[in-house]
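Engineer: Below: one structure in structure tokens.
The values are calculated or read from the model by the stated rules, or taken from the named source; none is laboratory data. Given the structure is predicted, the values throughout are model-derived calculations rather than measurements. Here Cβ is always computed from backbone atoms with ideal geometry, including for glycine, and neighbour counts include all displayed protein chains. In case anyone asks, the SASA skips ligands and DNA or RNA and just uses the protein heavy atoms, side chains included. Shrake-Rupley method; radii C 1.70, N 1.55, O 1.52, S 1.80 Å.
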Amino acid sequence: MGWQKTFTLSKRSKGCYLVTDEVLEHIRPGLKDVQVGMLFLFIQHTSAALTINENFDKDVRRDMDMALDNIVPESLNWRHTDEGPDDSVSHTKASLVGSTISIPITNGALNLGTWQGIYLTEFRHMAHSRRVVATILS
């Protein structure tokens, strides 16, 4: 049995954001009757990504943003800059982090670890809203 919904996350500028609660607001109807299943989240963009990471200390989000900036610096001689200097660097970071995450569902709830949360990693400086496709299989 499957359930699917496409929803839009709030507008955010560059950074790493904990969006677990925002995602849960959108997928709660699909979770309610699932005893054992999987949630797949897919972001429909090439300059932002989804990942799972530490959900308590905000410094982890800042550190992750800083580390990605060092791994893929904006100062490289990027050729694809049609939408600005953060265009190709954003695409590269999105490929490294990934467009899909999967989370087990147990008894109608996400089976995340104690300190795990869902991150939106936004790589564009200008604020964007991002579409996510949630698919629940049980």
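Engineer: So which residues in the range 21-53 are without any contact (Cβ under 8 Å) to a residue 60 or more places away in the chain and touching a helix residue (DSSP H, G or I) at 6+ places or on another chain (Cβ under 9 Å)?
Structural biologist: Result: Thr46, single match.
Engineer: Checking the condition closer than 23 Å to Asp33 by Cα, of a type in the set (S, T, N, Q) and modelled with pLDDT of 95 or more, which residue from Thr92, Thr106 passes?
Structural biologist: Being closer than 23 Å to Asp33 by Cα, of a type in the set (S, T, N, Q) and modelled with pLDDT of 95 or more holds for just one of Thr92, Thr106, which is Thr106.
Engineer: Does Asp82 satisfy being outside any loop (DSSP other than H, G, I, E, B), farther than 20 Å from Ala109 by Cβ and of a type outside the set (Val, Ile, Thr)? Before you say what the answer is, go through the steps one by one.
Structural biologist: Working: outside any loop (DSSP other than H, G, I, E, B): no; farther than 20 Å from Ala109 by Cβ: yes; of a type outside the set (Val, Ile, Thr): yes.
In short, no.
Engineer: For the range 105-122, what are the residues that are touching a strand residue (DSSP E or B) at 6+ places or on another chain (Cβ under 6 Å), more than 19 Å from Arg62 (Cβ to Cβ) and not hydrophobic (A, V, I, L, M, F, W, C)?
Structural biologist: Selection gives Asn111 alone.
Engineer: Of the conditions (1) exposed (fewer than 11 other Cβ atoms within 10 Å of the Cβ); (2) closer than 30 Å to Ile27 by Cα, Leu50 satisfies every one except a single condition; which number is it?
Structural biologist: (1)
Engineer: Mind counting the residues in the range 70-79 that are outside any loop (DSSP other than H, G, I, E, B) and β-branched (Val, Ile, Thr)?
Structural biologist: The qualifying residues number 1.
Engineer: Going through the range 14-39 one residue at a time, which ones are in a loop (DSSP other than H, G, I, E, B) and open to solvent by less than 50 Å² (accessible area, probe 1.4 Å)?
Structural biologist: Listed by number, the residues that qualify are Lys14, Val19, Val34.
Engineer: As an exercise: evaluate Thr81 against (1) hydroxyl-bearing (Ser, Thr, Tyr); (2) touching a Phe, Trp or Tyr at 6+ places or on another chain (Cβ under 7 Å); (3) surrounded by fewer than 17 Cβ atoms within 10 Å (Cβ to Cβ) and give the number of the one condition it does not meet.
Structural biologist: (2)
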